[in-house]
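In what follows, a structure is listed as C-alpha coordinates, so that the remarks can point back to it.
The values are calculated or read from the model by the stated rules, or taken from the named source; none is laboratory data. Predicted model, so just to flag it, every value in this text is computed and none were measured. So basically every Cβ, Gly included, is an ideal-geometry build from the backbone, and we count neighbours across all protein chains shown. Note: areas computed on protein heavy atoms with side chains; ligands, DNA, RNA excluded. Shrake-Rupley method; radii C 1.70, N 1.55, O 1.52, S 1.80 Å.
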Amino acid sequence: MRLAHHLAIKNGHLHINGQDCVALAEKYGTPLYVTSEDRVIEQFESYKKALGARYPKVQVLFAAKANGNLALLRALAQKGAGADVFSSGELHLALEAGMAPERLLFNGSSKTPADLRLAVEKGVKVSLDSLDELHQLDAAAQAAGKIAQVSFRVNPALEVPTHPKIATGLATSKFGIPHKEIPAAYREALACRHILPVGIHCHIGSQILDIEPFARAAEVMIRIAKELTLMGVKLEFIDLGGGLGIPYHHDTDPSPIAEDYAAKVVPIFKAGVEACGISPELWVEPGRSLVADSTVLLTRVNSTKSAHKRFANVDAGFNILVRPAMYDSYHEVIVANKADEPLITEYTVTGPICETGDILAPDRKLPQLAAGDIIAVLDAGAYGYAMSSQYNSRPRCPEVLLRGTQVALMRRGETVDDLKAAIERPAWQM
Ligand SMILES: *Cc1c(COP(=O)(O)O)cnc(C)c1O
(Lines give C-alpha, C1' and ligand atoms only; values in the text may rest on other atoms or scores of the structure.)
Protein backbone atom coordinates (compact mmCIF):
# COMPACT_ATOMS: atom_id res chain seq x y z
CA MET A 1 0.00 0.00 0.00
CA ARG A 2 1.27 3.45 -0.86
CA LEU A 3 2.12 5.45 2.27
CA ALA A 4 2.90 9.14 2.74
CA HIS A 5 6.48 9.75 3.86
CA HIS A 6 5.66 10.33 7.56
CA LEU A 7 4.44 6.72 7.70
CA ALA A 8 6.74 3.72 7.37
CA ILE A 9 6.89 0.01 8.10
CA LYS A 10 10.01 -1.03 10.03
CA ASN A 11 10.69 -4.36 11.73
CA GLY A 12 7.12 -5.41 11.06
CA HIS A 13 5.63 -2.43 12.87
CA LEU A 14 3.89 0.64 11.50
CA HIS A 15 5.70 3.87 12.40
CA ILE A 16 4.49 7.47 12.25
CA ASN A 17 7.02 10.28 12.38
CA GLY A 18 9.58 7.63 13.33
CA GLN A 19 7.52 6.46 16.35
CA ASP A 20 6.45 2.84 16.67
CA CYS A 21 2.64 2.75 16.71
CA VAL A 22 2.64 -0.43 18.82
CA ALA A 23 4.77 1.25 21.48
CA LEU A 24 2.52 4.33 21.43
CA ALA A 25 -0.54 2.11 21.91
CA GLU A 26 1.18 0.39 24.85
CA LYS A 27 2.19 3.65 26.46
CA TYR A 28 -1.01 5.69 26.04
CA GLY A 29 -3.62 2.97 25.70
CA THR A 30 -6.21 2.54 22.98
CA PRO A 31 -8.16 3.89 21.25
CA LEU A 32 -5.57 6.59 20.49
CA TYR A 33 -5.31 9.30 17.88
CA VAL A 34 -1.71 10.03 16.87
CA THR A 35 -0.99 13.13 14.79
CA SER A 36 2.15 14.26 13.00
CA GLU A 37 2.40 18.02 13.48
CA ASP A 38 5.17 18.06 10.87
CA ARG A 39 2.80 16.60 8.29
CA VAL A 40 0.10 19.20 9.02
CA ILE A 41 2.60 22.02 8.68
CA GLU A 42 3.99 20.52 5.48
CA GLN A 43 0.48 20.49 3.97
CA PHE A 44 -0.18 24.06 5.14
CA GLU A 45 3.08 25.30 3.66
CA SER A 46 2.33 23.49 0.40
CA TYR A 47 -0.88 25.54 0.04
CA LYS A 48 0.89 28.79 0.82
CA LYS A 49 3.67 28.02 -1.62
CA ALA A 50 1.47 26.79 -4.47
CA LEU A 51 -0.93 29.73 -4.24
CA GLY A 52 1.69 32.33 -3.32
CA ALA A 53 3.87 31.44 -6.33
CA ARG A 54 0.99 32.44 -8.61
CA TYR A 55 -0.67 35.34 -6.80
CA PRO A 56 0.91 37.71 -4.31
CA LYS A 57 -1.88 38.11 -1.73
CA VAL A 58 -2.92 34.78 -0.24
CA GLN A 59 -4.45 33.72 3.08
CA VAL A 60 -4.84 30.09 4.07
CA LEU A 61 -7.63 29.68 6.63
CA PHE A 62 -7.74 26.28 8.27
CA ALA A 63 -11.30 24.96 8.53
CA ALA A 64 -11.20 24.45 12.28
CA LYS A 65 -14.13 22.04 12.35
CA ALA A 66 -11.99 19.35 10.69
CA ASN A 67 -9.76 19.11 13.76
CA GLY A 68 -10.31 21.58 16.56
CA ASN A 69 -7.54 20.50 18.91
CA LEU A 70 -6.06 23.67 20.40
CA ALA A 71 -2.49 22.35 20.17
CA LEU A 72 -2.92 21.79 16.45
CA LEU A 73 -4.52 25.21 15.97
CA ARG A 74 -1.56 26.72 17.83
CA ALA A 75 0.93 24.96 15.56
CA LEU A 76 -0.88 26.37 12.53
CA ALA A 77 -1.21 29.83 14.09
CA GLN A 78 2.55 29.92 14.60
CA LYS A 79 2.94 29.44 10.84
CA GLY A 80 0.59 32.34 10.09
CA ALA A 81 -2.60 30.41 9.44
CA GLY A 82 -6.01 31.90 9.92
CA ALA A 83 -9.18 29.89 10.37
CA ASP A 84 -12.64 29.37 9.05
CA VAL A 85 -14.68 29.10 12.24
CA PHE A 86 -18.22 27.77 12.33
CA SER A 87 -19.19 28.41 15.94
CA SER A 88 -18.37 30.63 18.89
CA GLY A 89 -16.41 27.70 20.35
CA GLU A 90 -14.20 27.49 17.28
CA LEU A 91 -13.78 31.27 17.34
CA HIS A 92 -12.65 31.24 20.96
CA LEU A 93 -10.20 28.40 20.30
CA ALA A 94 -8.74 30.06 17.20
CA LEU A 95 -8.12 33.29 19.13
CA GLU A 96 -6.72 31.33 22.08
CA ALA A 97 -4.36 29.59 19.63
CA GLY A 98 -3.00 32.99 18.68
CA MET A 99 -4.66 33.49 15.32
CA ALA A 100 -5.13 37.13 14.38
CA PRO A 101 -8.82 38.21 14.30
CA GLU A 102 -8.34 39.62 10.81
CA ARG A 103 -7.39 36.15 9.63
CA LEU A 104 -10.63 34.59 10.87
CA LEU A 105 -13.92 34.26 9.03
CA PHE A 106 -17.03 33.38 11.02
CA ASN A 107 -19.04 31.08 8.78
CA GLY A 108 -22.28 29.27 9.40
CA SER A 109 -25.85 29.05 8.24
CA SER A 110 -27.47 29.36 11.65
CA LYS A 111 -25.66 31.79 13.93
CA THR A 112 -27.13 32.84 17.25
CA PRO A 113 -27.45 36.45 18.43
CA ALA A 114 -24.58 35.67 20.84
CA ASP A 115 -22.42 34.41 17.92
CA LEU A 116 -23.00 37.68 16.07
CA ARG A 117 -22.24 39.80 19.16
CA LEU A 118 -19.00 37.86 19.72
CA ALA A 119 -17.88 38.35 16.11
CA VAL A 120 -18.53 42.11 16.42
CA GLU A 121 -16.76 42.33 19.76
CA LYS A 122 -13.67 40.45 18.49
CA GLY A 123 -13.57 42.28 15.16
CA VAL A 124 -13.87 39.09 13.16
CA LYS A 125 -15.28 39.16 9.65
CA VAL A 126 -18.59 37.39 9.19
CA SER A 127 -19.73 35.37 6.21
CA LEU A 128 -23.46 35.97 6.10
CA ASP A 129 -25.84 33.27 5.04
CA SER A 130 -29.12 35.20 4.85
CA LEU A 131 -30.57 38.72 4.73
CA ASP A 132 -32.15 38.06 8.10
CA GLU A 133 -28.68 37.53 9.50
CA LEU A 134 -27.43 40.70 7.75
CA HIS A 135 -29.96 42.82 9.62
CA GLN A 136 -29.30 41.07 12.93
CA LEU A 137 -25.57 41.73 12.53
CA ASP A 138 -26.21 45.35 11.57
CA ALA A 139 -28.17 45.78 14.81
CA ALA A 140 -25.47 44.03 16.86
CA ALA A 141 -22.77 46.26 15.34
CA GLN A 142 -24.87 49.36 15.97
CA ALA A 143 -25.36 48.35 19.61
CA ALA A 144 -21.59 47.95 19.98
CA GLY A 145 -20.84 51.19 18.11
CA LYS A 146 -18.85 49.29 15.51
CA ILE A 147 -18.82 48.50 11.81
CA ALA A 148 -18.98 44.79 10.96
CA GLN A 149 -17.02 43.65 7.93
CA VAL A 150 -18.84 40.97 5.97
CA SER A 151 -19.02 38.72 2.98
CA PHE A 152 -22.00 36.74 1.80
CA ARG A 153 -21.78 33.01 1.27
CA VAL A 154 -22.55 32.44 -2.40
CA ASN A 155 -24.38 29.31 -3.44
CA PRO A 156 -22.90 28.79 -6.91
CA ALA A 157 -25.37 25.98 -7.74
CA LEU A 158 -22.68 23.52 -8.79
CA GLU A 159 -22.94 19.74 -8.97
CA VAL A 160 -19.83 18.23 -7.41
CA PRO A 161 -18.70 14.62 -7.48
CA THR A 162 -18.75 13.71 -3.79
CA HIS A 163 -20.99 12.13 -1.15
CA PRO A 164 -24.36 13.96 -1.16
CA LYS A 165 -24.07 14.69 2.57
CA ILE A 166 -20.93 16.75 1.95
CA ALA A 167 -21.90 18.54 -1.27
CA THR A 168 -22.58 22.05 -0.01
CA GLY A 169 -22.86 24.14 -3.18
CA LEU A 170 -25.81 22.44 -4.85
CA ALA A 171 -28.72 24.68 -5.79
CA THR A 172 -30.78 22.80 -3.19
CA SER A 173 -28.20 22.97 -0.37
CA LYS A 174 -29.02 24.77 2.89
CA PHE A 175 -25.89 26.90 2.58
CA GLY A 176 -25.54 30.36 1.14
CA ILE A 177 -27.52 32.73 -1.04
CA PRO A 178 -28.39 31.72 -4.60
CA HIS A 179 -25.81 33.34 -6.88
CA LYS A 180 -28.48 35.19 -8.84
CA GLU A 181 -29.67 36.95 -5.67
CA ILE A 182 -26.20 37.98 -4.57
CA PRO A 183 -26.14 41.49 -6.11
CA ALA A 184 -29.40 42.35 -4.35
CA ALA A 185 -27.97 41.10 -1.05
CA TYR A 186 -24.91 43.35 -1.39
CA ARG A 187 -27.11 46.29 -2.33
CA GLU A 188 -28.98 45.74 0.90
CA ALA A 189 -25.70 45.42 2.82
CA LEU A 190 -24.41 48.70 1.35
CA ALA A 191 -27.52 50.37 2.72
CA CYS A 192 -26.85 49.12 6.28
CA ARG A 193 -25.13 51.79 8.38
CA HIS A 194 -23.06 49.40 10.48
CA ILE A 195 -22.11 46.89 7.81
CA LEU A 196 -19.19 47.04 5.40
CA PRO A 197 -19.17 44.37 2.69
CA VAL A 198 -15.51 43.53 2.00
CA GLY A 199 -15.53 40.03 0.55
CA ILE A 200 -17.33 37.17 -1.10
CA HIS A 201 -17.23 33.57 -0.01
CA CYS A 202 -18.17 30.14 -1.31
CA HIS A 203 -17.50 26.54 -0.34
CA ILE A 204 -18.75 23.91 -2.74
CA GLY A 205 -18.32 20.73 -0.75
CA SER A 206 -15.85 18.32 0.73
CA GLN A 207 -13.74 15.34 -0.36
CA ILE A 208 -13.67 16.57 -3.97
CA LEU A 209 -10.97 14.75 -5.94
CA ASP A 210 -11.53 16.47 -9.27
CA ILE A 211 -10.13 20.00 -9.68
CA GLU A 212 -12.66 21.04 -12.35
CA PRO A 213 -15.50 21.99 -9.96
CA PHE A 214 -13.14 24.36 -8.13
CA ALA A 215 -12.35 26.05 -11.43
CA ARG A 216 -16.08 26.39 -12.20
CA ALA A 217 -16.68 27.89 -8.75
CA ALA A 218 -13.83 30.37 -9.29
CA GLU A 219 -15.45 31.45 -12.56
CA VAL A 220 -18.79 32.04 -10.83
CA MET A 221 -17.06 34.03 -8.09
CA ILE A 222 -15.17 36.15 -10.60
CA ARG A 223 -18.40 36.93 -12.46
CA ILE A 224 -19.96 38.04 -9.20
CA ALA A 225 -16.87 40.04 -8.22
CA LYS A 226 -17.14 41.97 -11.48
CA GLU A 227 -20.77 42.79 -10.86
CA LEU A 228 -20.16 43.81 -7.24
CA THR A 229 -17.20 46.00 -8.19
CA LEU A 230 -19.41 47.86 -10.66
CA MET A 231 -21.93 48.33 -7.84
CA GLY A 232 -19.28 50.00 -5.72
CA VAL A 233 -18.38 47.14 -3.37
CA LYS A 234 -14.66 47.30 -2.54
CA LEU A 235 -13.64 43.66 -2.40
CA GLU A 236 -10.71 43.02 -0.08
CA PHE A 237 -10.94 39.25 -0.30
CA ILE A 238 -12.45 36.50 -2.39
CA ASP A 239 -12.72 33.25 -0.44
CA LEU A 240 -12.96 30.11 -2.55
CA GLY A 241 -13.57 27.81 0.42
CA GLY A 242 -12.06 24.39 1.04
CA GLY A 243 -13.03 20.95 -0.14
CA LEU A 244 -9.99 19.37 -1.75
CA GLY A 245 -10.19 15.63 -1.14
CA ILE A 246 -7.58 13.12 -0.13
CA PRO A 247 -6.96 9.62 -1.52
CA TYR A 248 -8.58 7.49 1.19
CA HIS A 249 -8.06 4.51 -1.16
CA HIS A 250 -4.31 4.89 -1.24
CA ASP A 251 -3.64 2.91 -4.39
CA THR A 252 -6.61 3.79 -6.58
CA ASP A 253 -8.00 7.25 -5.75
CA PRO A 254 -6.78 10.32 -7.61
CA SER A 255 -4.48 12.33 -5.35
CA PRO A 256 -4.76 16.00 -6.21
CA ILE A 257 -2.49 18.25 -4.16
CA ALA A 258 -2.44 21.98 -3.43
CA GLU A 259 -0.13 22.47 -6.41
CA ASP A 260 -2.72 20.94 -8.80
CA TYR A 261 -5.45 23.07 -7.26
CA ALA A 262 -3.42 26.27 -7.53
CA ALA A 263 -2.27 25.55 -11.09
CA LYS A 264 -5.88 25.25 -12.21
CA VAL A 265 -7.68 27.82 -10.09
CA VAL A 266 -5.26 30.71 -9.56
CA PRO A 267 -4.88 31.62 -13.27
CA ILE A 268 -8.68 31.96 -13.51
CA PHE A 269 -8.72 34.02 -10.34
CA LYS A 270 -5.81 36.24 -11.34
CA ALA A 271 -7.04 36.96 -14.85
CA GLY A 272 -10.50 37.63 -13.44
CA VAL A 273 -9.52 40.14 -10.79
CA GLU A 274 -7.12 41.89 -13.17
CA ALA A 275 -9.94 42.26 -15.68
CA CYS A 276 -12.02 43.87 -12.89
CA GLY A 277 -9.14 46.19 -12.04
CA ILE A 278 -9.06 44.99 -8.42
CA SER A 279 -6.48 43.17 -6.30
CA PRO A 280 -8.29 41.42 -3.46
CA GLU A 281 -6.65 38.78 -1.29
CA LEU A 282 -7.23 35.20 -2.37
CA TRP A 283 -8.51 33.17 0.57
CA VAL A 284 -8.89 29.41 0.74
CA GLU A 285 -10.25 27.29 3.59
CA PRO A 286 -8.82 23.78 3.43
CA GLY A 287 -9.76 21.47 6.27
CA ARG A 288 -9.48 17.81 5.38
CA SER A 289 -6.53 18.18 2.99
CA LEU A 290 -4.43 19.84 5.72
CA VAL A 291 -5.01 17.32 8.47
CA ALA A 292 -6.56 14.03 7.30
CA ASP A 293 -3.43 12.07 6.46
CA SER A 294 -1.46 13.45 9.44
CA THR A 295 -3.21 11.11 11.84
CA VAL A 296 -3.65 7.43 12.58
CA LEU A 297 -6.24 6.02 14.93
CA LEU A 298 -4.86 3.08 16.89
CA THR A 299 -7.38 0.54 18.12
CA ARG A 300 -6.92 -2.81 19.84
CA VAL A 301 -8.53 -6.09 18.83
CA ASN A 302 -10.67 -7.28 21.77
CA SER A 303 -11.77 -10.51 20.14
CA THR A 304 -12.26 -12.25 16.82
CA LYS A 305 -15.07 -14.51 15.76
CA SER A 306 -16.30 -16.44 12.76
CA ALA A 307 -20.03 -16.07 12.18
CA HIS A 308 -21.42 -15.58 8.68
CA LYS A 309 -18.33 -13.44 8.31
CA ARG A 310 -15.09 -13.21 10.20
CA PHE A 311 -15.27 -10.27 12.60
CA ALA A 312 -12.50 -8.40 14.39
CA ASN A 313 -14.05 -6.60 17.36
CA VAL A 314 -11.94 -3.58 18.22
CA ASP A 315 -12.14 -0.90 20.91
CA ALA A 316 -12.88 2.08 18.62
CA GLY A 317 -16.34 2.45 17.14
CA PHE A 318 -18.33 5.25 15.66
CA ASN A 319 -18.09 7.01 19.00
CA ILE A 320 -14.41 7.53 18.10
CA LEU A 321 -14.53 7.70 14.28
CA VAL A 322 -18.00 8.21 12.84
CA ARG A 323 -17.10 8.67 9.18
CA PRO A 324 -17.51 5.03 8.06
CA ALA A 325 -20.92 4.77 9.74
CA MET A 326 -22.10 8.24 8.72
CA TYR A 327 -20.76 8.60 5.18
CA ASP A 328 -19.84 5.01 4.26
CA SER A 329 -16.30 6.31 4.22
CA TYR A 330 -13.35 4.10 3.44
CA HIS A 331 -10.22 4.20 5.57
CA GLU A 332 -7.18 2.06 4.93
CA VAL A 333 -6.29 -0.17 7.87
CA ILE A 334 -2.92 -1.70 8.73
CA VAL A 335 -2.28 -4.15 11.54
CA ALA A 336 0.41 -2.14 13.26
CA ASN A 337 2.14 -5.09 14.94
CA LYS A 338 1.92 -7.35 11.86
CA ALA A 339 2.54 -4.75 9.20
CA ASP A 340 4.65 -6.97 6.94
CA GLU A 341 2.64 -10.19 7.30
CA PRO A 342 0.70 -11.47 4.30
CA LEU A 343 -2.92 -10.33 3.89
CA ILE A 344 -4.53 -13.75 3.92
CA THR A 345 -7.76 -13.50 5.90
CA GLU A 346 -10.84 -11.38 5.31
CA TYR A 347 -12.20 -9.53 8.35
CA THR A 348 -14.90 -7.02 9.00
CA VAL A 349 -13.50 -4.63 11.61
CA THR A 350 -16.31 -3.65 13.99
CA GLY A 351 -16.50 -1.30 16.95
CA PRO A 352 -17.84 -1.87 20.47
CA ILE A 353 -20.98 0.25 20.09
CA CYS A 354 -24.42 -1.29 20.44
CA GLU A 355 -25.41 -0.58 16.83
CA THR A 356 -25.39 -2.84 13.78
CA GLY A 357 -23.92 0.02 11.78
CA ASP A 358 -20.86 0.25 14.00
CA ILE A 359 -18.45 -0.99 11.35
CA LEU A 360 -15.07 0.66 10.87
CA ALA A 361 -13.87 -1.34 7.88
CA PRO A 362 -15.91 -4.06 6.15
CA ASP A 363 -14.42 -7.02 4.28
CA ARG A 364 -10.69 -6.31 4.50
CA LYS A 365 -7.91 -8.71 3.73
CA LEU A 366 -5.63 -8.64 6.78
CA PRO A 367 -3.04 -10.84 8.44
CA GLN A 368 -4.43 -13.54 10.74
CA LEU A 369 -5.63 -11.58 13.79
CA ALA A 370 -5.62 -12.33 17.49
CA ALA A 371 -6.87 -10.46 20.55
CA GLY A 372 -4.39 -7.75 21.49
CA ASP A 373 -3.35 -6.88 17.94
CA ILE A 374 -3.21 -3.15 17.20
CA ILE A 375 -5.04 -1.93 14.10
CA ALA A 376 -4.11 1.45 12.67
CA VAL A 377 -6.90 3.26 10.86
CA LEU A 378 -5.20 5.67 8.46
CA ASP A 379 -6.18 9.21 7.41
CA ALA A 380 -8.15 9.81 10.60
CA GLY A 381 -7.06 13.41 11.20
CA ALA A 382 -10.05 15.16 9.64
CA TYR A 383 -13.54 14.85 11.09
CA GLY A 384 -12.22 12.11 13.37
CA TYR A 385 -11.85 13.20 16.99
CA ALA A 386 -13.78 16.34 16.01
CA MET A 387 -16.94 14.29 15.43
CA SER A 388 -16.44 11.87 18.29
CA SER A 389 -19.01 11.41 21.06
CA GLN A 390 -19.60 9.79 24.42
CA TYR A 391 -22.28 7.47 23.00
CA ASN A 392 -22.74 4.31 25.07
CA SER A 393 -21.18 6.34 27.90
CA ARG A 394 -17.71 5.76 26.56
CA PRO A 395 -15.18 8.43 27.55
CA ARG A 396 -13.45 10.00 24.55
CA CYS A 397 -9.93 8.75 23.82
CA PRO A 398 -6.63 10.64 24.14
CA GLU A 399 -4.75 12.37 21.33
CA VAL A 400 -0.97 12.40 20.94
CA LEU A 401 1.02 14.94 18.91
CA LEU A 402 4.39 14.23 17.30
CA ARG A 403 6.94 16.77 16.15
CA GLY A 404 10.38 15.72 14.99
CA THR A 405 11.44 13.10 17.50
CA GLN A 406 9.18 14.53 20.22
CA VAL A 407 5.99 12.95 21.54
CA ALA A 408 3.37 14.68 23.70
CA LEU A 409 -0.16 14.16 24.82
CA MET A 410 -2.28 16.91 23.25
CA ARG A 411 -5.51 15.78 24.90
CA ARG A 412 -5.86 13.38 27.79
CA GLY A 413 -8.35 10.59 27.57
CA GLU A 414 -11.63 11.23 29.33
CA THR A 415 -12.57 9.20 32.40
CA VAL A 416 -15.84 8.16 33.98
CA ASP A 417 -15.63 11.41 35.99
CA ASP A 418 -15.85 13.32 32.70
CA LEU A 419 -19.09 11.47 31.94
CA LYS A 420 -20.49 12.93 35.16
CA ALA A 421 -18.81 16.34 35.01
CA ALA A 422 -21.72 18.30 33.51
CA ILE A 423 -24.53 16.38 35.18
CA GLU A 424 -26.79 18.10 37.70
CA ARG A 425 -28.89 16.33 40.27
CA PRO A 426 -32.51 17.55 40.28
CA ALA A 427 -33.66 18.62 43.75
CA TRP A 428 -36.37 15.94 43.90
CA GLN A 429 -33.71 13.24 43.70
CA MET A 430 -31.86 14.50 46.75
C1 LIG B 1 -16.14 22.38 6.12
C2 LIG B 1 -15.78 23.67 5.49
C3 LIG B 1 -14.52 23.85 4.93
C4 LIG B 1 -13.49 22.76 4.86
O5 LIG B 1 -13.84 21.72 4.02
P6 LIG B 1 -12.78 20.54 3.73
O7 LIG B 1 -13.50 19.64 2.81
O8 LIG B 1 -12.49 19.89 5.02
O9 LIG B 1 -11.58 21.16 3.11
C10 LIG B 1 -14.22 25.10 4.42
N11 LIG B 1 -15.12 26.10 4.44
C12 LIG B 1 -16.35 25.96 4.97
C13 LIG B 1 -17.27 27.10 4.97
C14 LIG B 1 -16.73 24.73 5.49
O15 LIG B 1 -17.94 24.58 5.98
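Scoring 5-13, 128-136 by mean Cβ neighbours within 10 Å over their residues and listing the highest first yields 128-136, 5-13.
Take the Cα of LYS264, go 7 Å toward its beta carbon, and the backbone nitrogen atoms of the stretch 215-231 under 18 Å from that spot belong to 215-222. Computed from Cα positions, the angle between helix 258-276 and the longest principal axis of the chain comes to roughly 10 degrees. ³J(HN,Hα) across the stretch 323-332 via Karplus (A = 6.51, B = -1.76, C = 1.60, θ = phi - 60°), whole Hz, x for Gly/Pro? These are the phi-based 3J(HN,Hα) values: 4, x, 6, 7, 10, 6, 6, 9, 10, 5 Hz. Segment GLU424..SER306, full-extension length gain: 38.1 nm, with 0.36 nm per residue of separation and the alpha-carbon distance subtracted. A Förster radius of 45 Å combined with the Cβ-Cβ distance from ASP251 to ARG193 puts the calculated FRET efficiency at roughly 0.20. Could you let me know the centre-to-centre spacing of the stretch 181-221 and the stretch 70-148, using Cα atoms, in angstrom? Here the answer is 17 Å between Cα centres.
Most tightly packed first, judged by the mean number of other beta-carbon atoms within 10 Å of their residues, the peptides 239-245, 140-146, 216-222 read 239-245, 216-222, 140-146. Rounded to the nearest 20, the size of the Cβ-charge dipole of the stretch 134-245 about its Cα centre is 260 debye, with Lys and Arg at +1 and Asp and Glu at -1. Around the Cα centre of the chain, unit charges on the Cβ atoms of Lys, Arg, Asp and Glu (plus for the first two, minus for the last two) sum to a dipole of about 420 debye. Packing order of peptides 203-212, 46-55, highest average first: 203-212, 46-55 (average count of other Cβ atoms within 10 Å over each peptide's residues).
Overall, the stretch 1-123 carries a charge dipole of about 360 debye about its Cα centre when +1 sits on the Cβ of Lys and Arg and -1 on the Cβ of Asp and Glu, all other atoms neutral. Per residue, the solvent-accessible area of the chain (1.4 Å probe, heavy atoms of protein chains only, all protein chains present) comes to 42 Å². Straight-line reach from LYS79: taking Cα to Cα under 21 Å and skipping same-chain neighbours fewer than 8 places apart, the lysines in range are LYS48, LYS49, LYS57, LYS65, LYS125.
Out of ILE208, LEU230, ILE182, whose Cα points farthest toward the positive end of the dipole of the stretch 178-253 (charges: +1 Lys, Arg; -1 Asp, Glu; placed on Cβ)? Farthest towards the positive pole: LEU230. The stretch 256-277 to the stretch 349-382: how many Å between their Cα centroids? Cα centroid of the stretch 256-277 versus Cα centroid of the stretch 349-382: 41 Å apart. Could you calculate the FRET efficiency of GLU227 with LYS174 from 1/(1 + (r/R0)^6), where r is the beta carbon distance between them and R0 is 22 Å, rounded to 0.05? Efficiency computed from Cβ-Cβ geometry: 0.35. Using 0.36 nm per residue and subtracting the Cα-Cα separation, the extra length available between ASP328 and ILE344 on full extension is 3.3 nm.
Each principal axis of the Cα atoms in the chain has its own extent, and those three values, largest first, are 68, 62, 42 angstrom. With the charge dipole of the chain set up from +1 on Lys and Arg Cβ and -1 on Asp and Glu Cβ about the Cα centre, the Cα lying farthest toward the positive end among the listed residues GLN406, ALA148, VAL291 is that of ALA148. The sum of -39500 (n - 2.57) across all DSSP H runs of n ≥ 4, divided by the residue count of the chain, sets its helix-only mean residue ellipticity at 222 nm to -9000 deg cm²/dmol. Rg and Dmax, both from the Cα atoms of the stretch 300-356 and both in Å, are 11.9, 33.
Among the trypsin sites (Lys or Arg not before Pro) in the stretch 351-430, those located in a DSSP loop and surrounded by at most 14 other Cβ atoms within 10 Å of their own Cβ are ARG412. Ordered by solvent-accessible area of protein heavy atoms (1.4 Å probe), largest first, the residues ASP340, ASP260 come out as ASP340, ASP260. May I ask which residue of ALA218, PRO101, ALA361 lies farthest towards the positive end of the charge dipole of the chain, with charges of +1 (Lys, Arg) and -1 (Asp, Glu) on Cβ and the Cα centre as origin? Most positive-ward Cα: PRO101. Within the stretch 284-409, the proportion of C-alpha pairs whose separation exceeds 25 Å stands at 23%.
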